[in-house]
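Every read-out reported here was derived from the displayed coordinates using simple, explicitly stated rules and does not represent laboratory data. These figures come from a predicted structure and were not determined experimentally. Virtual Cβ from ideal backbone geometry, glycine too; neighbours counted across all protein chains shown.
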């Protein structure tokens, strides 16, 4: 009976859709939103090759192994969530925690305008216009924030905007732990 | 007590929706008349129950009943009354209740207007609509109960996100939900038609007004959101390709395609399989959007409080409805036969092209939105997909659409001659080309964006005029004018919507091409140049609002020594929520907005100031409102109204086919 035949073309929508559901579902199963498992955790932070932005020196690999806890933050002026986390970074800077800013795939003019408008929380800042450093750090999407300890190892990674809740519940313990160790 | 009653009516609504799903669907399968007849009263009863429930929640917000957890989290006694009310849907639980309420409203509207639809068909439509109600009501009740009480009520609430305390945003979600949820009706119509195994011209007529209603609300909702982002967020942009914005844009694109393909089904009885698929996908993208916004699977500025449990539940709902409908589609699609044939050059072909462009562009937006997820799985690491991707990959589809639209709208059905259409359209083409050359000559140092955008935008606007004129036939000018006034409203609706698309195109292109931006530190009394204007920062003063404190700057804008405007940009701080907001000061103009934002006080003295000239910014939203207004005009057309009610005339059509 011709009626019973299902044209293969009409089978495509449910099959494609099933694939997307699979993607979404495994996306949901990531146990902890934002703090993605990173192969870099506990390992030496990848080297930095950055161009200076504005009149601050570009951060170098030596800055990463300096004897204190520090935050490495990937951001861009075109990134809306970066504006959300910006006040938190300003607070952290006010606490005296060094923050290395990596300006990701951005133009220097826009980046400097962003900082002039909202304030500059960074102790050192470098431009990564081609995104090469983002690649070597395994950046998932910006903003992304790493905590690097006194011996230059990455101890924590967070993808997405750092909100007060993220800072309090997830990041604070790494910042405190490392502070007592030092 | 009242709050418990609200919870109780919510539970009752769930039970009613269970009845509305099972009884009529089984009745339609078995042919039991009284079982099918349950559908309509059940749909109306569900609306009544949910209205009571929603009103009670609103009452709890209005009187600041801080024994309710949701009110504590999202309200505050000092908040202005308007925002106490809008606070009801400014959060996950309350907005889900609004979602369910609107779903019930559409169910009841179908029940009331669909009295004359075939009995089995209306029973199935309302049964499917009821099943969506079951899913969302149980989601609401079991994972996000808005009526949760606190054992020890605090003295005051913790407020509403200050950014949401704005009239533009207050009415953005209801419109958006009207659009999202309105598409549930087209979904129900599609699934019911698949269950019946019959799609004909009458089906196209029934489904069109509902699509139109949902689409025009989505248009207004998206425009309000974009306008709000423009003036409230203080970034000066109008669209950010944020996942949540995309979540509302994808159903808009698909429903725009559905709107057009349903016409083809109605007039020509072809494209049935495709139209059914679009009807499923339009609501499917609404569901996926709801999932994306509320599950936190993608990072976004808009995200509601994320909760993986809710995410899994919503994914389950989306998977069940879309997956189920698509499986039903693949089983039944083969039985739907096209009745008409058409030549390559015809309005049918033009509408197919329209559909392909809209659907593919929606798919591009979809892929760009979920790319971070796909790439993470496929390559283990990812790239971020920012506006550059969307700008580059989405724009070509819109250009293609704009190029073919005026021709396609004039082409006759079935078989057309391009030459005849070209004669009708050439004045529009000529005017557009002249305007583009004019724009090119006044801004020759700049990019091609302005002249190309002008050409496309004015081609669309003059093209819709040409479309209207072509409808008046031949004869003297007076006779044609008389005929023009007697054209059906739907024809005007079509022309207005198409022209609105042109106005938006013009606005977007000219804004992007000609905007001027100055970011600098300004001292009090200092004057700086902004394009042709001189801006002076005269003074900065402290301000005390009802629930915020802040600073505002008096900025004087002059042109050639003459005062243009006094602007007062503010920086506000909301102590209850602990968050600052910027209030941009905007002088709206027909041809350009002047947009000033006050930044932080600098240590070295002075204030950071950002000033923009945004040419043709308002055209973007005016165009969107025109698109929606065209939809309203079409809906008010007598012919469409009759089809919404599906009274005798459609029965006659159904009989013919």
### Query
Is it possible to state the helix-based mean residue ellipticity at 222 nm for chain B, with each DSSP H run of 4+ residues giving -39500 (n - 2.57), the sum divided by total residues, to the nearest 500 deg cm²/dmol? What is it?
-22000 deg cm²/dmol
### Message
I'd like the distance between the alpha-carbon centres of the range B:475-545 and the range B:556-601, rounded to an integer number of Å.
### Response
18
### Query
Relative to the first principal axis of the alpha-carbon coordinates of chain A, what is the inclination of helix A:108-118, with its axis defined by its Cα atoms, in degrees from 0 to 90 and to the nearest 10?
70
### Message
Quick check on chain A: what does the Kirkwood estimate of hydrodynamic radius come out to from the alpha carbon pairs, in Å?
### Response
17.9
## Note on the structure
Correct semi-axes for the range B:70-186, from √(5λ) of the alpha-carbon gyration tensor and rounded to whole Å with the largest first, are 33, 17, 9
### Query
Which whole number in µm²/s is D for the range B:1-151 by Stokes-Einstein, with the Kirkwood Rh taken over Cα pairs at 10 °C and 1.306 mPa s?
100
### Query
How compact and how long is the range B:432-548, expressed as Rg and Dmax of its alpha-carbon atoms in Å?
22.8, 68
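Counting only C-alpha contacts under 8 Å and six or more residues apart, can you give the relative contact order of chain B as a whole percent?
Once divided by the residue count of chain B, the mean separation gives 13 percent.
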### Query
Under Stokes-Einstein, with the Kirkwood radius over Cα pairs standing in for Rh, what whole-number D in µm²/s applies to the range B:511-623 at 10 °C and 1.306 mPa s?
108
#### Entry: FRET efficiency estimate (nearest 0.05) - Cβ-Cβ, residue B:527 to residue A:169, R0 60 angstrom
0.80
### Task
Over the alpha-carbon set of the protein assembly as shown, work out the extent along each principal axis and list the three values in angstrom, largest first.
83, 67, 52
### Query
Which length gain, in nm to one decimal place, applies between residue B:22 and residue B:145 when the Cα-Cα distance is subtracted from 0.36 nm times their residue separation?
41.8 nm
### Over 14 Å [Cα-Cα, the range B:545-598], rounded percent
58
### Message
At R0 = 25 Å, how high is the FRET efficiency between residue B:337 and residue A:11 if r is their beta carbon distance? Nearest 0.05 is fine.
### Response
0.85
### FRET efficiency estimate (nearest 0.05) - Cβ-Cβ, residue B:602 to residue B:563, R0 25 angstrom
0.35
#### Entry: Cα pair distances of the range B:584-631 binned at 5 Å [whole percent]
6, 19, 17, 15, 14, 11, 8, 5, 3, 2, 1
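For chain B, what is the convex hull volume of its Cα atoms per residue in Å³? Before the final figure, lay out the partial values.
Working: hull volume 120.3 nm³, N = 657.
Enclosed volume per residue, from the Cα hull, is 183 Å³.
What does the convex hull of the Cα atoms come to per residue for the range B:109-161, in Å³? It would help to have the intermediate numbers written out before the result.
On the way: hull volume 7.5 nm³, N = 53.
Each residue corresponds to 141 Å³ of Cα convex hull volume.
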### Task
Would you mind computing, in nm to one decimal, how far apart the modelled labels at residue B:327 and residue B:353 are, each placed 7 Å from Cα along Cα→Cβ?
4.0
### Task
Can you grab the distance from the C-alpha centre of the range A:125-174 to the C-alpha centre of the range B:416-452, Å, no decimals?
50
### Task
State the Cα centre-to-centre distance between the range B:206-282 and the range B:148-201 in whole Å.
15
### Query
Binned at 10 Å from 0, what are the whole-percent values of the Cα-Cα distance distribution for the range A:74-179, short to long?
14, 51, 31, 3
### Message
I'd like the orientation of helix A:80-95 relative to chain A: the angle between its Cα long axis and the longest Cα principal axis, in ° from 0 to 90, rounded to 10.
### Response
30
### Task
Treat each spin label as a single point 7 Å out from the Cα along the C-beta direction, and report the residue A:136 to residue B:395 distance in nm.
3.3
### Task
Could you give the spread of the C-alpha atoms of the range B:202-288 along their three principal axes, from largest to smallest, in whole angstroms?
49, 20, 16
### Query
So what is log10(I(q)/I(0)) for the range B:350-474 at q = 0.18, 0.19 1/Å, when the Debye sum runs over its Cα atoms only?
-0.99, -1.04
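Can you check how the C-alpha radius of gyration of the range B:322-420 compares to 2.2 N^0.38 Å, as a plain ratio? Please list the in-between numbers first.
Values: Rg = 18.7 Å, N = 99, 2.2 N^0.38 = 12.6 Å.
Relative to the rule-of-thumb radius for its length, the range B:322-420 sits at 1.48.
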### Message
What is the angle, in °, between the Cα long axis of helix A:8-29 and the longest principal axis of the Cα atoms in chain A? Nearest 10 is fine, range 0 to 90.
### Response
30
